[in-house]
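Single-structure report; data block below.
The values are calculated or read from the model by the stated rules, or taken from the named source; none is laboratory data. Keep in mind that this is a model prediction, so the values were computed, not measured. So basically every Cβ, Gly included, is an ideal-geometry build from the backbone, and we count neighbours across all protein chains shown.
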Amino acid sequence: MGGGTLRDILIGKVPVSWMLDLSSTIVVLITTILVLIFKSEIKNYHKTLLFFDAIGLGFFTVVGIQTGIEFKMNPLICVALGTITACFGGVIRDVSLSNIPLVFQKEIYATTCIFGGVIFFILVKLDLPIMLSKVSCLISVVLFRLLSVRYNLHLPTNLKFKKSTE
């Protein structure tokens, strides 16, 4: 809900989506209660949680892109909205747990959303059916995220820039 809230505010869609349909709010509330009750058992399912997080990342990338399209936004803005929708909830989660958010670390996280969004618009430009483009976007985000974790791929963190002598 965090990423969707930020997306909706950025495009001027108020009240934000979760205020109009409480079903997602209820799901989040129930899930939060279950996590609090079973938190010690959940720690044993790191790979399962990673898998479902990757699916959520892909799904919310598509949702954000679709929202941008509905508002007749430029494809680059749609990809940005997809990335924000997918990632910002995790930022709120991590900050509330006093952790550094994944998107601010060397993890390949937001990059997967951008990659999936580009795949989406390439397929749309090739006149593929919109549903196939959405599914391809989702699958590419999930696969890219899981492969980056599996093979320990990271973004560079120690880039050195020359100081300008001008």
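The set of residues in the stretch 28-48 that are under 19 Å from the mean Cα position of the chain (by Cα) and surrounded by 12 or more Cβ atoms within 10 Å (Cβ to Cβ) contains only Val28. Summed over the stretch 68-110, residues that are within 11 Å of the chain's Cα centre (by Cα) and either among the small types (Gly, Ala, Ser) or surrounded by fewer than 17 Cβ atoms within 10 Å (Cβ to Cβ) (or both) total 6. Summed over the stretch 55-90, the residues that are touching a residue at least 24 places away in the same chain (Cβ under 8 Å) and not in a helix (DSSP H, G or I) give a count of 2.
Ile114 meets each of the listed conditions (1) of a type in the set (Val, Ile, Thr); (2) within 26 Å of Thr157 (Cα to Cα); (3) modelled with pLDDT under 90 apart from (3).
Residues of the stretch 111-157 that are more than 16 Å from Pro75 (Cα to Cα), of a type in the set (Lys, Arg) and over 18 Å from the mean Cα position of the chain (by Cα): Arg150 alone.
Restricted to the stretch 1-47, the set of helices (runs of 4 or more DSSP H) holding at least 1 residues that are at pLDDT 85 or above and small (Gly, Ala, Ser) comprises 2-11, 17-20, 23-37.
Just a yes or no: is a residue in the stretch 132-144 of a type in the set (Val, Ile, Thr), surrounded by fewer than 19 Cβ atoms within 10 Å (Cβ to Cβ) and closer than 20 Å to Leu10 by Cβ? Looking for residues that are of a type in the set (Val, Ile, Thr), surrounded by fewer than 19 Cβ atoms within 10 Å (Cβ to Cβ) and closer than 20 Å to Leu10 by Cβ, one finds none in the stretch 132-144, hence no.
Among the residues of the stretch 41-49, is any touching a Leu at 6+ places or on another chain (Cβ under 6 Å), closer than 23 Å to Leu147 by Cα and basic (Lys, Arg)? Don't jump to the end; show me each part of the working.
As a first pass, look at the stretch 41-49 and keep what is touching a Leu at 6+ places or on another chain (Cβ under 6 Å): none.
No.
What are the residues in the stretch 17-28 that are among the hydrophobic types (A, V, I, L, M, F, W, C) and closer than 18 Å to Ile69 by Cβ, if any?
To start, the set of residues in the stretch 17-28 that are among the hydrophobic types (A, V, I, L, M, F, W, C) comprises 18-20, 22, 26-28.
Within the stretch 17-28, no residue meets the criteria.
Is at least one residue of the stretch 3-22 among the β-branched types (Val, Ile, Thr), out of contact with any helix residue (DSSP H, G or I) (no Cβ under 8 Å at 6 or more places or on another chain) and surrounded by fewer than 18 Cβ atoms within 10 Å (Cβ to Cβ)? Yes, the stretch 3-22 has at least one match.
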